[in-house]
Each structure stands twice: as structure tokens, then as C-alpha cells.
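Reading through the C-alpha cells given below for one structure.
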Amino acid sequence: MTAAERETVQGRLDDALHARIESALDNKTKPQGSLGYLERIASRIAMIQRTETPRITRARVLLFAADHGVTVNGVSAYPASVTAAMVRTAAAGNAAMSVLTRAVAESWADIDIIDVGVGTVLPALPGVTSERVANGTRDFLHDMAMTASQCEAAMRSGTEAVGRAIASGADVIALGEMGIGNTTSAAAVLSALTGAPVSESVGRGTGIDTQMLAHKQAVVECAVARHRGVTHAAPDGRVDPFAVLTCVGGFELAAMAGAAIAAAAARRVVLVDGFIATCAVLAAAMIDARVLDVVIFAHRSAEQGHARALAQFVTLGLPDEYARPLLDLDLRLGEGSGAALALPLLRAAACMLTEMATFDDAGVARATAPA
């Protein structure tokens, strides 16, 4: 059987499975569609796992940390040294995402902190895996952020983190990041991937003022233009997402992209945090379209470029209903904090499909059609 024939057969199998899942949802003891978006998420998880009885029993938050050379241009309200301090805080279990993960999923979710390039070399810390590519990226305003081999190494760290998560039994891979300057990098990635004006992709990040925002936008605009000859080097002028990550990305963004691709290959749910994670996963989806089949967006960030990034997933072929994040809480912290908060909703959606009684089970009469 050829690859095309196998794909056709799998498509038919998936269509038949989807019909059975929808029928199962409609047969639960509730008015059809009354659980709203939770039903769509239940169907999504079931299709990712390719079963009518999905389960969410274990989750792992992958928290990738790295620093960015572009911060020398004054694009952040905080110094780069804060990244190392936040990794130490997370390792001690006191960071926001540590607290939130414990609060909502202590018994079934854990955190893997991966240092892929923090500027300060950290001592061995409990819960921190060292897969350092370099002491932060280069300043992409004046140079490529990283070499191709460094980008590959960062992506490989994401692949390996997913392998560890799967070995531990994780059904859900939640993606998060830490790194001063990474909203600048994510905005540059977004504009380079999509052609979005920097006025739509660059936001206030850590809370910069209007003057600093204008400066940050100017830095991103210059950088994207500088690297266009590399990011759009194909004869037809199409964007190369790997080249974008190499030119203006960050080690943690490349790692999240690698993680998303690996999780898609293993058909694990990829729970995407906010703006930065979404931009990284957008690059991943443009490298490997299978990523579109497994992503669920945790929350809508207050960072202005997030809406543009989500819309681009629809352009790539993601059904519009799945480009809708689960939560909208005006979060802009990062760290996987929004993903942590969304974990219980995934578990509830799967349990609703597998544990909720049907009309036949409960002996409940179905609604009759209106006259």
C-alpha cells in the first residue's frame, strides 16, 4: 500500500471514528450541545487519541528557559539576569506556574524545567534538566540569533523532553517558557512567519511604557527586514520556518517547536500556553502539519500579537473552533501558567465523554422535536 493509499484509509477510519464520537456526545444525558465548548474539546481529545474512550490521567508541563541577546537593545523592563532567578524559583517550587500546577493538578501533573540556554550558568538544581545550547542567543538585530546546528540542538531538546514525558505516562504535553526578552523574539517570529506588521505583533511584554514599546517595535521591524534574505530565500519567496527560528528565535522557542512536532508524531495532546508558546508552535505547524491535529490552546493572552498568531493557525487549516483558547483571563505571564490552569478542563472533557451516562443507561426519555 502506498503512502497516499494509507493516508486515504486513515482518513476514512478517522471520519468513521469522528461520527461515533459525535453520536456518543449527543447520546449523553443532556440537551445536545448543552456543554458547549467542553464537548468540542472532548471530541478533540478523542480524535487525538483515536479512541471513543479518551483519558487524561497524566500531564507534564515542559518549561523551557533561555536568554536572548536582543535584550542589549533595551526591549525589556527587566534585566536578563532575572531569567536565572526565575529558574531557581521554579526549581524551588515557588514560581507562579509551580503554585498553579500544584493547586489544580497536584496528583497527576508534574513539571520538567529544561535549561536550553540561560545566560548565567546555573548549578545543578532539583527538577532542572540541563540541555544548554549556549549562554543565550546572539543579538538578532545585528546577527542571526543562532546557527542552524544550534537551532537543531534546541529543537532536539524539546523532542527529548517529550520522550521523557511519554515514558512517564503523560497524555498531555503542556508547553511553557521562561526568558527575559522572549516576547520580542516571539513577535519577530510572528512577523517573519506571517508578514504581520510589527504594530500588530509587538506588545508590552513585561509591562513597558509607550516610548519603550515604540523602540521595541523598531528593533523588531529592523531585525525582520535584516534577515528576510535568509527567512525567505526560497525561489518563490516562501517563508522558511526553520530559518525564522534560526534568525530571530530563541532557544526556548525552538525547543517548544521541537516538542510540539514530537508530541504530534506520538499523538499526544499539546496544550499551548500563551503568546510566546503559540508563536513557537506556529513555526512547528509550518514545519510539520501534523501539529495542527493535536494542539489545544490554553488561554488568550493579553499580549496583542496572540490573536494574530491564533488566526494564522486557521489559515494553515486548523478548524476555526479549535483556534479558540479555553480561558480568557488577561494573563501575560508565560511560564506555562495558563496551561496549568487549563489542565482540569481537559480532564473534565475526557471524563464527560467516558463516564457520563447515556439516555439508555439512565432510562431517560430523549427530547422530542418541536411540533
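The values are calculated or read from the model by the stated rules, or taken from the named source; none is laboratory data. Please read these numbers as outputs of a predicted model, since none were measured by experiment. Cβ atoms come from the backbone with ideal geometry, glycine included; neighbour counts cover every protein chain shown.
List of remarks:
- Residues that are part of a helix (DSSP H, G or I) and crowded, with 17+ Cβ neighbours inside 10 Å, drawn from segment 45-81: I45, A46, M47, I48, Q49, G69, V70, T71, N73
Let's see how each residue does on (1) basic (K, R); (2) assigned by TED's automatic domain parsing to the domain that holds S107; (3) touching a helix residue (DSSP H, G or I) at 6+ places or on another chain (Cβ under 6 Å); (4) modelled with pLDDT of 95 or more:
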{"site": "D15", "(1), (2), (3), (4)": "no, no, no, no"}
{"site": "L38", "(1), (2), (3), (4)": "no, no, yes, yes"}
{"site": "I45", "(1), (2), (3), (4)": "no, no, yes, yes"}
{"site": "L63", "(1), (2), (3), (4)": "no, yes, no, yes"}
{"site": "D67", "(1), (2), (3), (4)": "no, yes, yes, yes"}
{"site": "T71", "(1), (2), (3), (4)": "no, yes, no, yes"}
{"site": "V75", "(1), (2), (3), (4)": "no, yes, yes, yes"}
{"site": "T83", "(1), (2), (3), (4)": "no, yes, no, yes"}
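- The single condition among (1) in a strand (DSSP E or B); (2) modelled with pLDDT under 95 that V121 does not meet is (1).
- Restricting segment 168-214 to residues that are among the aliphatic types (A, V, I, L, M) and closer than 12 Å to A263 by Cα, the residue that is farthest from the chain's Cα centre (by Cα): A170
- For T206, the stated conditions hold: it is in a loop (DSSP other than H, G, I, E, B), more than 27 Å from R290 (Cβ to Cβ) and either in contact (Cβ under 8 Å) with a residue 24 or more places away in the chain or in contact with a Ser or Thr (Cβ under 6 Å, 6 or more places away or on another chain) (or both).
- Given (1) assigned to a loop (DSSP other than H, G, I, E, B); (2) touching a residue at least 24 places away in the same chain (Cβ under 8 Å); (3) over 21 Å from I180 (Cβ atoms), index of the condition A233 fails: (2)
- Options A196, A218, A223, A214; residue that is within 16 Å of C279 (Cβ to Cβ), in a helix (DSSP H, G or I) and either among the hydrophobic types (A, V, I, L, M, F, W, C) or in contact (Cβ under 8 Å) with a residue 24 or more places away in the chain (or both): A223
- Some residue of segment 303-317 being touching a His at 6+ places or on another chain (Cβ under 8 Å), modelled with pLDDT of 95 or more and buried (at least 21 other Cβ atoms within 10 Å of the Cβ): no
- Residues of segment 174-195 that turn out to be closer than 19 Å to I287 by Cα and either surrounded by fewer than 24 Cβ atoms within 10 Å (Cβ to Cβ) or of a type in the set (A, V, I, L, M, F, W, C) (or both), as a count: 10
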